[in-house]
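Working notes, structure below.
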């Protein structure tokens, strides 16, 4: 690489490499044991039911075996992860009250500016807890609740208890159990009946400590006939030891409601990112997952929708980007239960510079889901010969009255395509970058304009640093 | 002289057999030359080698563009000097809109000399002139285009990007007579605007509509005969055997 280009590259990297020197208020020691779980609960001043929930989850965790599939987790030593780091900041709804170092980091990420320009509300989590949460006054008046789980435990205990870890119970899998024991921070969003939130709400997760773990929990309830778009963004500076993120998301889309959940995951390349995302859609509801997985060392995430109600719809659009050293194991899960339910999956992955993308999907149409319609399309694009791409789509159909379409394709950028674009004056790098941008266009078009620009920039950066 | 090809010999990288076996060709600025030849004679290879397709390797001879050898230039550098090739089968670029590609390419070739708005309205008028709907600009490059749309799309690109030398590789194949006339008129328009042309074809059909300065008959890796438009009609009447 030429020196000038290298410097340019470093400069751009810097913008994303945000290190924060903020001293935490509480930092519990590494190591996993019951006492530690209890201390987290105590530090948060939780009611007994939540303390019991944590302890029970921990017991389940201890009994569960590790899944035998997915990414290689041998480098992940759970006993070395620092599970709870409380920032020295109280949760506030004005940026001025956020400690300077933390505020600056979020400013670098453009969060306060985005809030002013095109968001209906913003949450910002640093390490284990939310430091900022704000929603437009009009929406508050309409009864929209947008807060963190800790606040929901205190202020909306009945509502929260009805939904918290009901869709993803601690018994679901080993990491769900661990999450149930260690969860901290995250989002609680409730949109009342018939309320249509005109602009997206966003939560941003920033990680500031080497060796730490982030276990935020998200519960979203879109009540009957409501509409909302929620954006989840995450990033962290790179450290030379492993960090762990086990976020869990539970989404309840009630009758006739529409919910769109956007994720822009850009964790640093030392992060084990093991997420659980699940939605349940009732009659006539529409659930849309839009996911971009760019960062992390190893990722496992398979956003799932259960189409419980008749005529409910699930859309799942995703793009995974596996660069040098990364193993991005992503996918989707759709379970049709109601009649005339519809689902589409458009999963795309890019492998570059030796990266490995793995698509894993389940589409299940149960006996009761008569007249259902589903299509699954997964496409892998490999930019060079060093990279890997796999797809394992599983389709189960248990009735004879449904219509299922499936397409899987793994390809490379063709030399002829590059020659064609170069004959129009583009350099090889620009040609490849344009082809990649075209490939992820279905995801980009789902994003708000500003995020689309950001995503394109991210792709340019990734392609450049991997090929250039 | 805009293009001077001297004793050009070339082959596919990794193979032994020569495809171009000593091509000689001179095109003066503003002229339109036609190369005719039977299928499989290596006409498209000549176009690709002039554009610098890395699939081919030049083993002897030279290509001079405006007096300078371009053999060591990459394809994009040749494009930036002012050479453009329209493809016989242009490639699909999924997710990239036609106008997005063209505006990106224009900036690369001509810099910031016009505003986005000027460029876009220019594009719209070119597209309408060739009989395509304006929505054509919003479609993904060549994806789901009919044969005729692909060829017209290539012509739209050529008109918009304004190369100094335009090489048209079988732009006429697969076009019906009305489309052919339309495309030929556009090519004449491009010539009038000052672009030199190298038209590669194996039918003389398009010559009925084209303003042509010179015709070359190309057989087995060489130019075998050169003349005016009448040569093309002679080939049509008597076959390529007249040149053998």
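Out of curiosity, is residue B:66 within 13 Å of residue B:10 (Cβ to Cβ), at pLDDT 95 or above and either surrounded by 19 or more Cβ atoms within 10 Å (Cβ to Cβ) or more than 9 Å from chain A (Cβ to nearest Cβ) (or both)? It is false that residue B:66 is within 13 Å of residue B:10 (Cβ to Cβ), at pLDDT 95 or above and either surrounded by 19 or more Cβ atoms within 10 Å (Cβ to Cβ) or more than 9 Å from chain A (Cβ to nearest Cβ) (or both). Filter segment B:69-89 down to the residues that are modelled with pLDDT under 95 and either at positive phi or facing another protein chain (nearest Cβ under 8 Å) (or both) and list them by number. None; the set is empty.
State whether the residues of segment A:428-445 include one that is surrounded by fewer than 17 Cβ atoms within 10 Å (Cβ to Cβ), at the interface with chain B (Cβ under 8 Å from one of its Cβ atoms) and under 28 Å from residue B:109 (Cα atoms). Checked segment A:428-445: no residue is surrounded by fewer than 17 Cβ atoms within 10 Å (Cβ to Cβ), at the interface with chain B (Cβ under 8 Å from one of its Cβ atoms) and under 28 Å from residue B:109 (Cα atoms). The one condition from (1) within 19 Å of the chain's Cα centre (by Cα); (2) assigned to a loop (DSSP other than H, G, I, E, B) that residue B:15 does not meet is (1).
Considering only segment B:51-72, I want to know if a residue exists there that is part of a helix (DSSP H, G or I) and within 20 Å of the chain's Cα centre (by Cα). It would help to see each step written out before you state the result.
As a first pass, look at segment B:51-72 and keep what is part of a helix (DSSP H, G or I): B:51.
Now narrow it down to the ones that are within 20 Å of the chain's Cα centre (by Cα): B:51.
Yes, because at least one residue in segment B:51-72 is part of a helix (DSSP H, G or I) and within 20 Å of the chain's Cα centre (by Cα).
Return yes or no: is residue A:208 in a loop (DSSP other than H, G, I, E, B) and either under 28 Å from residue A:106 (Cα atoms) or not assigned by TED's automatic domain parsing to the domain that holds residue A:80 (or both)? So residue A:208 passes the test.
Just a yes or no: is a residue in segment B:35-45 within 17 Å of residue B:214 (Cβ to Cβ), out of contact with any helix residue (DSSP H, G or I) (no Cβ under 6 Å at 6 or more places or on another chain) and part of a helix (DSSP H, G or I)? Taking every residue of segment B:35-45 in turn, at least one turns out to be within 17 Å of residue B:214 (Cβ to Cβ), out of contact with any helix residue (DSSP H, G or I) (no Cβ under 6 Å at 6 or more places or on another chain) and part of a helix (DSSP H, G or I). Residues considered: B:152, B:124. Of these, the only one that is closer than 19 Å to residue B:182 by Cα and surrounded by fewer than 17 Cβ atoms within 10 Å (Cβ to Cβ) is B:124.
The set of residues from segment A:161-177 being under 21 Å from residue A:45 (Cα atoms) and surrounded by fewer than 20 Cβ atoms within 10 Å (Cβ to Cβ) comprises A:161, A:162, A:163. Being within 18 Å of residue B:88 (Cα to Cα) and touching a helix residue (DSSP H, G or I) at 6+ places or on another chain (Cβ under 9 Å) is the requirement here; does residue B:225 meet it? Considered against the rule, which asks whether it is within 18 Å of residue B:88 (Cα to Cα) and touching a helix residue (DSSP H, G or I) at 6+ places or on another chain (Cβ under 9 Å), residue B:225 comes out as no. In the set B:17, B:43, B:21, B:55, only one residue is away from chain A (no Cβ under 14 Å) and either farther than 29 Å from residue B:233 by Cβ or free of Cβ contacts under 8 Å to residues at least 24 places away in the same chain (or both); that residue is B:17.
Exactly one residue out of B:112, B:94 is at the interface with chain A (Cβ under 7 Å from one of its Cβ atoms) and farther than 22 Å from residue B:54 by Cα, and it is B:94.
Consider residue B:217 carefully, then state whether it is over 16 Å from the mean Cα position of the chain (by Cα) and surrounded by 20 or more Cβ atoms within 10 Å (Cβ to Cβ). It is true that residue B:217 is over 16 Å from the mean Cα position of the chain (by Cα) and surrounded by 20 or more Cβ atoms within 10 Å (Cβ to Cβ). The condition of being buried (at least 19 other Cβ atoms within 10 Å of the Cβ) and either over 21 Å from residue A:317 (Cβ atoms) or out of contact with any helix residue (DSSP H, G or I) (no Cβ under 8 Å at 6 or more places or on another chain) (or both) holds for residue A:363.
The values are calculated or read from the model by the stated rules, or taken from the named source; none is laboratory data. The shown structure was predicted, so the numbers you read here are calculated from the model rather than taken from an experiment. Heads up, the Cβs are rebuilt from the backbone with ideal geometry, glycines too, and the neighbour counts pull from every protein chain shown.
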